[in-house]
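Have a look at the structure below before the remarks.
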Amino acid sequence: MKKQLKALLTGNPFPQEYLCVNEVDFSERFKFVIQNTGNDISQKHLFLGYKPVTIGILSSPTFNFSEKITVSVYSTKQKKVATLSLIYFTKAEVDNATLLIYTAQHGNQQFISPAQKYFQKIYEQFKRKPGNVNLPGNEYDQNRIAYSIPRRISLVTIQQNGLFNLFPTDLHGSINENFYVDSLRQHGNASMQLEETKRVVISHIHVDAFRLAYSLGKNHMKELSRKENFPFGNQLSEKLNLPLPEFTVGYEELEAQFLIDVGIHRLHFLKKIYSKPVSSHNVLAHIHSSTAAWRKKNKIATNYFLR
């Protein structure tokens with residue numbers, strides 16, 4: 001009865017705020033389109049921060065630059081389900097490529113009703129864990145929109161003086177064939193460790209590792225430790241000889257180049273040393289439960305991995 005009441009009030013029949021999915025086998029995903037210009041950035045943007053929501057857009061000759069833009073989110077039936085207003089923050093130029101960095105000003109989403117938004121916000125505040133970032137007012141809706149399409153969860157391996165860390169990241173991605181960007185909280189140990197070590201491996205993992213990936217979230221704030229304290233497999237990366245975690249299906253060996261701070265996040269721009277393409281049709285990602293609720297309401301079959 002308690003679960004049914006929670007589902008009715010919040011519009012979320014699922015037990016978790018974020019639901020793991022197979023990034024590859026995720027049908028009928030939303031499209032992100034810039035209003036007025038019609039630029040489809042569904043495959044041309046990176047989600048790089050949640051306070052504020054930070055979106056990196058890969059510039060191209062057909063992209064019409066504007067200081068302020070509104071991204072409309074459409075279902076496969078061309079129904080508008082959300083809008084996200086963005087303002088230009090800065091740009092990063094790497095290897096003849098330009099990443100335009102925008103931050104969100106306001107979001108409006110119709111995944112669940114206004115009343116359900118209200119009750120869901122109250123519910124999340126009551127069960128919020130210590131150390132989690134608070135998202136007041138409209139910031140929570142902005143994040144629901146950003147997480148309305150699958151965001152890949154990968155694992156970052158760091159090594160220094162014979163000690164290691166292994167932690168998940170979902171604010172990251174390739175800029176082009178030579179550069180990558182990963183966003184971490186500025187004052188977290190993970191970000192500081194990456195700054196010190198300079199060289200890291202980001203491993204993309206099989207969806208079966210969903211519980212493992214979430215269990216490693218606490219390592220963002222942990223000190224370096226011995227190798228045996230982490231779920232590494234027997235494989236080493238090609239150039240850096242760093243241990244790869246279990247369930248690795250592809251990886252990037254990277255070297256730090258420069259930083260950009262946006263809100264609570266530090267964007268690490270990294271040059272690719274070596275890339276091993278993903279060798280599986282099963283890659284771990286996650287979406288917000290509000291999107292899952294919308295998909296359930298619209299009878300879109302989806303396989304969720306519940307922790």
- [ ] State whether the residues of the stretch 127-134 include one that is open to solvent by 10 Å² or more (accessible area, probe 1.4 Å), closer than 21 Å to L19 by Cα and modelled with pLDDT of 95 or more.
- [x] no
- [ ] Restricting attention to the stretch 140-154, report how many residues are at pLDDT below 95 and open to solvent by 40 Å² or more (accessible area, probe 1.4 Å).
- [x] 0
Open item on the list: Residues that are part of a loop (DSSP other than H, G, I, E, B), at negative phi and either open to solvent by less than 70 Å² (accessible area, probe 1.4 Å) or free of Cβ contacts under 8 Å to residues at least 12 places away in the same chain (or both): does the stretch 283-290 have at least one?
Closed with: yes
Open item on the list: So the check is Cβ under 6 Å with 6+ separation or different chains; which pairs have a first residue in the stretch 152-172 that's under 18 Å from L48 (Cβ atoms) and free of Cβ contacts under 8 Å to residues at least 40 places away in the same chain and a second one that's in a strand (DSSP E or B) and open to solvent by 10 Å² or more (accessible area, probe 1.4 Å)?
Closed with: none
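Can you tell me which residues in the stretch 194-213 are closer than 16 Å to I158 by Cα and open to solvent by 40 Å² or more (accessible area, probe 1.4 Å)?
Taking the stretch 194-213 first, the residues closer than 16 Å to I158 by Cα are 194-204, 213.
Within the stretch 194-213, E195, E196, K198, R199 qualify.
Suppose the filter is surrounded by 14 or more Cβ atoms within 10 Å (Cβ to Cβ) and more than 19 Å from S174 (Cα to Cα); does L242 pass it?
When the stated conditions are applied, L242 passes them.
The values are calculated or read from the model by the stated rules, or taken from the named source; none is laboratory data. Quick caveat: nothing in here was measured; it's all calculated off a predicted structure. Cβ coordinates were reconstructed from backbone atoms using ideal geometry, including for glycine residues, and neighbour counts include every protein chain displayed. Just the protein is used for accessible areas: all its heavy atoms, side chains included, with ligands, DNA and RNA removed. Shrake-Rupley method; radii C 1.70, N 1.55, O 1.52, S 1.80 Å.
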